[in-house]
Amino acid sequence: MGAERFLLAGVMGWPVMHSRSPMLHNYLMKQHGLIGTYVPLAIKPEHLAPALRGLAPLGFSGCNITIPHKEQALRIVDEVDDVARRIGAVSCIAVRPDGSLGATNNDAFGFVENILQRQPSWRADAGPVVVIGAGGGARAVVYSLARRGAREIRLVNRTRARAEVLAREFGPPVTVVDWDDRGRALGDGAMLVNTTSQGMVGQPPLDLPLDTLPTRALVSDLVYVPVETPLLAAARRRGNPTVDGLGMLLHQVRPAWQAWFGIDPQITPELRACVEASIPRI
Ligand SMILES: NC(=O)c1ccc[n+]([C@@H]2O[C@H](COP(=O)([O-])OP(=O)(O)OC[C@H]3O[C@@H](n4cnc5c(N)ncnc54)[C@H](OP(=O)(O)O)[C@@H]3O)[C@@H](O)[C@H]2O)c1
């Protein structure tokens, strides 16, 4: 990595300007003294293939992939690793020395590392885990929980059929719970994870009374705008330990930087504070 090379990376999405990734990566580039930049790449879905094929000739080290491209990217890149294949979505692409594109999914890594940084004694097999939602985020969460030995994952989604697809793919330990029974599913839960977009700025709070959830259960949210969602605030008020979704985003930087630049950056409180300061409180 000589000084003659201006390092380039970015995030492809549509829309993409709301992404915190450019701020996060550019903060780290400055901290590591790298000469380069990380840019938001607003790519329409019909332009994803030519945009990805342009990465190598433009000199990009790689890019992150966000909504709505995570599934389509699977079919465009040259190689998809096992994690992305099992999750069924791509979150990160590396341009390899021969110009070919290798894809992975770092959402699962980010989810687990964030939980462990905040709650070092956390174990996926501590008891039933209730996962709300069955979209892309849920797929990464279910994959991580299953890999880490969760014995029972209760999957609750507004559209039951989507949860059933996941249960078939991942097999036991996943069981599907009806949306109307979501309150009851919390009864003896050791962990609750919201993977829906509910609670995000502009969306109503997740409609889930916590009355039956044991107060020792860990409550985690993938939503990070705001950092403390109404769900996390309600859980904190009743004494549950909570983990927000911002750390999941931050920890995904580590495997991405290893693949792009051969560097393992530290996720420091200063980095978190810098990104958090840009997120509106509601
Ligand atoms: N922290 C991180 O690093 C990270 C990583 C990934 C995702 N996320 C966040 O996670 C959230 C979901 O992302 P995603 O990629 O999984 O999205 P997605 O694939 O579009 O899935 C959205 C999920 O939300 C559910 N949902 C939407 N509106 C709902 C409503 N009114 N009531 C109940 N459920 C509703 C959907 O249920 P249906 O199937 O019924 O439509 C689906 O399960 C987003 O806020 C995203 O920013 C964060």
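Of note:
- The modelled label-to-label distance for the pair Asp81/Glu169, using points 7 Å beyond Cα in the direction of Cβ, is 1.8 nm.
- Annotation: amide H of Val80 within the under-5 Å range of Ala103, sequence separation 5 or more or interchain, hydrogens built in the peptide plane.
- Highest GNM mean-square fluctuation among Gly247, Gly36, Gly202, for the chain modelled with Cα contacts below 10 Å: Gly202.
- Over all other residues within a Cβ to Cβ distance under 12 Å of Pro241, the charged ones net out to +3, with Lys and Arg as +1 and Asp and Glu as -1.
- Positive-end extreme of charge dipole, the chain - chosen from Gly62, Gly137, Asn105 (charges on Cβ): Gly137
- Solvent-accessible area, 1.4 Å probe, carbon plus sulfur percent, for region 36-109: 56
- Computed on the chain, with alpha-carbon pairs under 8 angstrom and 6+ residues apart, the relative contact order is 14 percent.
- Separation in nanometres of the label points that stand 7 Å from Cα toward Cβ, at Ile35 and Cys274: 2.0
- Accessible area per residue for the chain is 46 Å², calculated with a 1.4 Å probe on protein heavy atoms, without ligands, DNA or RNA.
- Cα-based helix-to-principal-axis angle, 136-147 vs the chain, degrees rounded to 10: 70
- Counted residue by residue at 0.36 nm each, then reduced by the alpha carbon distance between them, the extension gain from Asp125 to Asp178 reaches 16.8 nm.
- Gain on full stretching of the segment that runs from Met17 to Arg5 - 0.36 nm per residue minus C-alpha separation: 1.7 nm
- Using just its DSSP H runs of length 4 or more, each adding -39500 (n - 2.57), the chain gives a mean residue ellipticity at 222 nm of -10000 deg cm²/dmol after division by all residues.
- Using a probe radius of 1.4 angstrom, the carbon and sulfur fraction of the accessible surface of region 135-282 is 49%.
- Rounded to 10°, Cα long-axis angle of helix 107-118 versus longest principal axis of the chain: 60
- In percent, rounded to a whole number, the relative contact order of region 170-282 is 21, using alpha-carbon pairs under 8 Å and six or more apart.
- Helix axis angle, 21-31 relative to the chain longest principal axis, alpha carbon, degrees: 60
- Structural size metrics of region 174-282, computed from C-alpha coordinates, are Rg and Dmax of 15.9, 48 Å.
- Convex hull per residue volume in Å³, alpha carbons only, for region 108-244: 94
- Qualifying chymotrypsin sites (Phe, Trp or Tyr not before Pro) in region 124-204, DSSP loop, other Cβ atoms within 10 Å at most 14: none
The values are calculated or read from the model by the stated rules, or taken from the named source; none is laboratory data. Small disclaimer: the values here were computed from a predicted structure and weren't measured. Using ideal geometry, Cβ is built from the backbone for each residue, glycine included, and neighbour counts are taken over all protein chains shown. Side chains are part of the model used for accessible areas, which takes the heavy atoms of the whole protein and leaves out ligands, DNA and RNA. Shrake-Rupley method; radii C 1.70, N 1.55, O 1.52, S 1.80 Å.
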